[in-house]
Every structure is written in structure tokens, then in C-alpha cells.
Amino acid sequence: MVTRAPAKTFETVVIGEMLGPHAIVITREQARNYALACGMSTPRFMSDEDARREEGLPAMLTPGNMTLGILAKLVTDWLGSGSGQLARIGTTFRSFVHPGVELTLHGFVTHTDQAARSADLDVWMENEDGERLVVGTATVAFGPAE
Amino acid sequence: MGTILDLHSHSESSEDSRAPVEAYLNWIRLRRDERPVDGIVLTEHRKFDRDADYRELEDRFGLVVMRASEVETDYGHMLVFGVNGELLHRFDFANVHLNAQELIDAAAQSGAVVVPCHPGRPTIGLWEHYRHREPLRNVVAVEVLNGGSRKGEELQSRELAETHGYRMVGGSDSHLVSLIGLCATRFEADIRTMEELVRELRDGRYDAIDFRPGRRSPQRSHTASDV
């Protein structure tokens with residue numbers, strides 16, 4: 001298990017601060033179960049064989065929303081259980097994410113806004129070759145100063 | 001002295017980037033030790049920000065910020081340096097089917113230069129087009145290092161450059177703040193203006209330079225549910 005960080009406060013956020021890297025493997029079962037829970041029973045999310053036979057893909061895929069959710073969790077784990085909240089996250093899906101391969105999650109704090117008490121972050125998921133498969137940005141907002 | 005420039009980047013002016021120029025420059029300042037670039041060129045997708053003015057940011061951060069474009073042609077994506085009124089009048093940069101040879105020739109005649117980017121990339125790279133069509137004339141350089149490259153693309157780009165005698169440049173193709181400056185071009189000359197950049201790309205001495213770090217050893221966990 002990745003240990004949750006202590007609750008992050010706006011005052012302790014530093015531009016350049018790194019999130020991760022964390023290595024993960026999304027299993028085929030996890031990807032399939034996620035798709036089924038979302039009502040997406042298309043072949044590409046069911047098995048390698050279904051993806052190849054029915055859709056001509058090299059292997060089954062991880063649902064895009066699942067990878068987005070994993071990157072969102074990278075941010076919320078970093079925030080901890082304080083006043084900081086994930087206000088926005090947006091991702092670009094640049095390449096297929098196949099389950100069963102080692103992936104690494106990365107993030108950086110890139111900007112802070114003193115007046116809004118918010119911070120912007122880059123986040124991405126890359127494979128073992130360092131190819132960034134899913135990239136995005138997020139904004140976290142903190143409550144009023146105590 | 002020389003100059004190191006990231007020749008390929010996208011700010012929030014491009015529809016697929018949310019990176020403010022100020023954040024790019026601040027990041028370069030923070031990471032100067034590992035990415036010692038002297039400036040960046042903003043190559044927004046299918047447009048040219050004629051009226052953008054970054055002089056205050058240049059002064060504040062001590063870095064060069066230039067404006068160029070990344071356009072889409074019948075031979076793939078290309079960077080246009082030295083965009084001018086003549087080019088903007090003749091070509092609709094939003095057109096995703098620009099004639100590459102006409103663009104290269106018109107650029108050369110009007111004081112600009114065109115550099116095909118990520119040429120080893122499937123579909124949108126020069127290499128794939130060269131497999132089926134005549135090579136373009138008057139290409140001076142191609143981008144052999146691109147921060148967004150996938151496995152094998154840069155090898156393909158280098159082979160193409162060597163085969164055709166093109167010179168080589170690098171750029172991060174950054175759409176995220178933290179990726180700016182990871183690939184760049186090192187010029188022997190001092191460059192502060194777009195006119196100087198165009199001149200050096202045509203006739204100067206330069207090479208592509210890679211600042212991407214070796215892969216870190218990440219903390220290991222085992223499944224997605226552990227993250």
C-alpha cells in the first residue's frame with residue numbers, strides 16, 4: 001500500500017514539488033471489472049482475445065476513465081485529508097493503456113495562486129519505455145486560511 | 001558563447017495545452033541546472049500569435065521567448081520559424097492540408113524557414129510520407145529529438161536526416177509546464193531574435209541536445225488498487 005501523506009496545506013505546497021513516481025500494474029481483471037461496473041461491455045475491455053478478434057486491437061484496453069481516476073487518486077492521496085480538494089482534472093489520452101504492463105504515475109506542482117489559495121499540477125502515466133500514455137493537468141483548491 | 005533553445009513548445013494558446021508561458025519560464029528557472037536552456041519558441045498549433053508580447057516576461061526571467069507556428073501539411077507536421085505577413089496572407093495556417101513544398105519555398109523566399117517536426121512519427125511524420133512520395137526539396141533541417149516521441153521514432157528521424165543530409169534540431173513539444181526544455185537545440189551563435197534564429201537554422205552550426213533524465217527508480221506497488 002502507498003501510505004497517505006499527511007494533510008497538505010496551501011502553505012506547504014511548493015512549486016516543483018513532485019508527486020510519485022509510483023509504479024502500478026492495472027490487472028486485466030481490474031480493467032474488465034471497471035468497464036462492467038460502468039456498463040461498458042465492449043470487447044476491447046473484456047479480454048485480449050475479444051479485443052483482437054472483435055476489434056483488431058493488439059490486446060485489451062484499460063478504460064480511459066479508469067486511468068483518469070488513477071491520476072486523480074495520485075493527486076488526492078498527495079493532498080491527504082485536510083482542506084485541500086481536487087477542483088479540476090483534465091487528461092489527454094495519447095496512446096492505448098493495456099492492462100498487465102508496468103506503468104508509472106508522475107506529477108509536479110507547477111503553479112500556485114496565493115489569492116485563490118490553489119495550485120496547478122501536471123500529472124501523467126507512462127510505460128516502461130518512458131512513453132507518456134495519458135497526460136493531464138489538475139487544480140487543487142484549499143480552504144480559507146485559519 | 002552560443003545559445004540553447006527549446007524550438008518546439010505549446011502554451012495555453014494551443015487548444016490542447018494549459019501551460020501558461022510564465023509557468024514555463026519559472027520552471028526553466030527552477031530547473032536551470034538540469035535544463036540549461038536560454039529560451040523557448042512557442043509553436044502554437046495551426047496559428048500564429050502575431051500580437052502576443054512576452055517582453056516583460058523575458059526581462060523578468062532573463063530568457064528569450066519567440067513565436068512561431070506548427071502547421072499541418074500533406075507531408076506531416078512542420079514548424080515555421082520567421083512567420084511573416086506574406087506567409088500569413090498566402091497560407092491559411094488553420095488548413096490541415098497545406099502544400100508542404102509550396103510552404104517551404106514561400107518561407108525561403110520571404111525570410112522564414114520550415115522544419116519538419118517529429119518526422120519519425122506514424123501518420124504525421126515526414127518519414128512515412130517519404131515511403132510513398134518524392135522527397136521534398138530545400139529542407140534544411142528536421143527535428144530528431146522530440147520530448148513526446150514514442151519508442152523508435154527518434155531512431156527513424158535520425159535515419160531520415162542522415163539519409164537526406166538534413167541538419168538536426170530538438171524541441172520538447174511540451175504541452176505541460178514540467179516538460180519544457182527536455183529536448184532543445186544548441187547553436188554556436190548567440191541568438192536573441194527570430195531573424196537571427198532563421199539565419200542560423202539556414203546557415204549556422206547547431207545540433208539537437210537531450211536533457212531527459214534517466215528513468216527514476218519508482219516506489220513499487222503491485223496493483224492499481226494500491227495506488
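The values are calculated or read from the model by the stated rules, or taken from the named source; none is laboratory data. Model, not experiment: these values are computed from the prediction. Heads up, the Cβs are rebuilt from the backbone with ideal geometry, glycines too, and the neighbour counts pull from every protein chain shown.
Here are some notes:
- Of note, B:Glu70 satisfies the criterion of being crowded, with 20+ Cβ neighbours inside 10 Å, out of contact with any Pro (no Cβ under 9 Å at 6 or more places or on another chain) and not small (Gly, Ala, Ser).
- Selection status of A:Leu61, touching a strand residue (DSSP E or B) at 6+ places or on another chain (Cβ under 8 Å), closer than 30 Å to A:Asp120 by Cβ, touching a residue at least 24 places away in the same chain (Cβ under 8 Å) and away from chain B (no Cβ under 11 Å): no
- Search result, residues across the range B:15-48 that are under 14 Å from the mean Cα position of the chain (by Cα), charged (D, E, K, R) and outside any loop (DSSP other than H, G, I, E, B): B:Glu44
- Taken over the range A:4-45, the residue count meeting the criterion of being assigned to a strand (DSSP E or B) and among the β-branched types (Val, Ile, Thr) is 2.
- Considering the conditions (1) within 10 Å of the chain's Cα centre (by Cα); (2) more than 10 Å from every other protein chain (Cβ to nearest Cβ), A:Ile70 is excluded by exactly one of them, (2).
- Only residues that are without any contact (Cβ under 8 Å) to a residue 60 or more places away in the chain and within 9 Å of chain B (Cβ to nearest Cβ) were counted across the range A:99-125, and they come to 3.
- Against the list (1) within 14 Å of chain A (Cβ to nearest Cβ); (2) touching a Ser or Thr at 6+ places or on another chain (Cβ under 7 Å); (3) of a type outside the set (A, V, I, L, M, F, W, C); (4) surrounded by fewer than 20 Cβ atoms within 10 Å (Cβ to Cβ), the condition B:Lys47 fails is (1).
- For the range B:95-104, the count of residues that are polar (S, T, N, Q) and surrounded by 20 or more Cβ atoms within 10 Å (Cβ to Cβ) is zero.
- All positions within the range B:161-186 that are more than 14 Å from chain A (Cβ to nearest Cβ) and either among the small types (Gly, Ala, Ser) or surrounded by fewer than 24 Cβ atoms within 10 Å (Cβ to Cβ) (or both): B:Ala161, B:Glu162, B:Thr163, B:His164, B:Gly165, B:Tyr166, B:Arg167, B:Met168, B:Gly170, B:Gly171, B:Ala184, B:Arg186
- When the range B:1-17 is limited to residues that are more than 22 Å from B:Asp190 (Cα to Cα) and touching a residue at least 24 places away in the same chain (Cβ under 8 Å), the one that is nearest to the other protein chains (Cβ to nearest Cβ) turns out to be B:Asp16.
- Scan of the range B:140-172 for residues that are among the hydrophobic types (A, V, I, L, M, F, W, C) and in contact with a Phe, Trp or Tyr (Cβ under 6 Å, 6 or more places away or on another chain), ordered by number: B:Ala141, B:Val142, B:Leu160
- All told, A:Gly82 meets the bar of being part of a loop (DSSP other than H, G, I, E, B) and small (Gly, Ala, Ser).
- One residue alone among A:Ser118, A:Ser95, A:Ser83, A:Ser47 is farther than 23 Å from B:Arg212 by Cα, modelled with pLDDT under 95 and small (Gly, Ala, Ser), and that residue is A:Ser83.
- Extreme residue, surrounded by the most Cβ atoms within 10 Å (Cβ to Cβ), among residues of the range B:124-160 that are within 14 Å of chain A (Cβ to nearest Cβ) and closer than 14 Å to B:His77 by Cβ: B:Asn146
- Residue check for A:Glu54: among the charged types (D, E, K, R), more than 14 Å from every other protein chain (Cβ to nearest Cβ) and closer than 29 Å to A:Gln114 by Cβ: no
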